[in-house]
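**Student:** Okay, handing you the structure first.
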Amino acid sequence: MTAIPATHSDVERLLAKAGYLADPRTAMAAWLALKLSRPLLLEGPAGVGKTDLARALSEALARPLIRLQCYEGLDEGKALYEWDYAKQMLYTQLLRDAVAARTEGAASLTEAAERIGDAESALFGPKFLLARPLLRALTSDVPVVLLIDVVDRSDPEFEAFLLELLAEGQVTIPEIGTMKAKHPPLVILTTNATREMTDALRRRCLHAFLDYPPPSRELAILELRVPGIGKALADQLATFVAELRKVELRKTPSIAETIDWARALVTLGASALGTELAAATLGALVKHDEDRTKAESLLATRSAVPPT
């Protein structure tokens with residue numbers, strides 16, 4: 001585990017070593033989340049690197065990454081804990097003779113229940129818990145990065161359930177009580193803004209908005225993440241994708257899809273964005289037929305680019 005970096009510039013440098021080029025504002029938000037032990041809410045369109053930032057922070061800080069993927073209908077049974085009913089049943093069978101001995105001679109059912117009341121509560125202790133991502137993060141013996149991914153896909157009720165964890169670094173299990181974090185996790189929440197997050201959740205988090213990078217930074221990302229790519233091809237790709245994102249599309253290309261497209265072109269030996277080869281590999285960049293048609297039209301306007 002790496003100590004908390006001294007400055008946000010150190011965070012930026014460590015993230016770059018982990019393959020993530022953060023702008024200074026994002027690096028500052030991540031550093032403050034570490035220093036202040038506050039959750040960080042990352043907001044922005046899909047595909048701008050919000051989830052990958054959590055991955056890079058995990059790698060940069062040498063902390064395990066625990067991920068909770070949110071979806072409609074997610075509840076505490078999938079996010080926090082479940083009881084190990086099979087184990088409880090096994091213990092019940094093993095303790096059957098002991099329970100019979102304790103209830104022998106009881107004058108009534110009520111008296112028998114009182115005699116074994118503590119035995120019943122023993123079946124709902126920590127050793128019978130099946131820890132899900134949130135509880136694993138709180139009970140980890142080392143600090144972790146906890147990624148609560150696309151929290152906007154979960155129901156408002158689940159968002160309310162998260163408030164205790166976000167504000168106090170603890171959860172309450174009715175049968176056991178309050179369980180505080182052994183080591184405060186670095187909590188990263190991501191949202192694509194498919195629904196508005198409540199003020200209560202926002203109030204408990206630091207906030208950073210991530211958008212598509214300008215061509216200059218996407219060029220640097222391509223040079224970092226695509227071994228063997230030439231400067232000319234990387235520059236042309238970054239410029240073209242920036243122009244394409246201004247077009248009305250069903251799905252705007254993500255940074256990861258730009259990287260995939262670049263890798264495809266490098267694999268085919270491209271040194272520049274030639275129209276024919278670029279059009280043949282557009283399936284790595286755009287994922288709807290109408291978007292591909294628009295991308296091909298934009299490529300055609302760049303026909304002055306020398307073919308590969």
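The values are calculated or read from the model by the stated rules, or taken from the named source; none is laboratory data. This is a predicted model, so every value here is computed, not measured. FYI the Cβ positions are ideal-geometry reconstructions off the backbone, even for glycines, and counts take in every protein chain you see.
**Student:** So which residues in the range 7-19 are modelled with pLDDT of 95 or more and not in a helix (DSSP H, G or I), if there are any at all?
**Tutor:** Result: 7, 18.
**Student:** Right, here's the next one. Mind listing whichever residues of the range 255-273 are over 16 Å from residue 296 (Cα atoms), polar (S, T, N, Q) and at pLDDT 95 or above?
**Tutor:** Matches in the range 255-273: 267 only.
**Student:** Taking residue 36, is it touching a helix residue (DSSP H, G or I) at 6+ places or on another chain (Cβ under 7 Å) and at pLDDT 95 or above?
**Tutor:** no
**Student:** Also, quick follow-up: Determine which member of the set 276, 290 is modelled with pLDDT under 95, charged (D, E, K, R) and out of contact with any helix residue (DSSP H, G or I) (no Cβ under 8 Å at 6 or more places or on another chain).
**Tutor:** After applying the criteria, what remains is 276.
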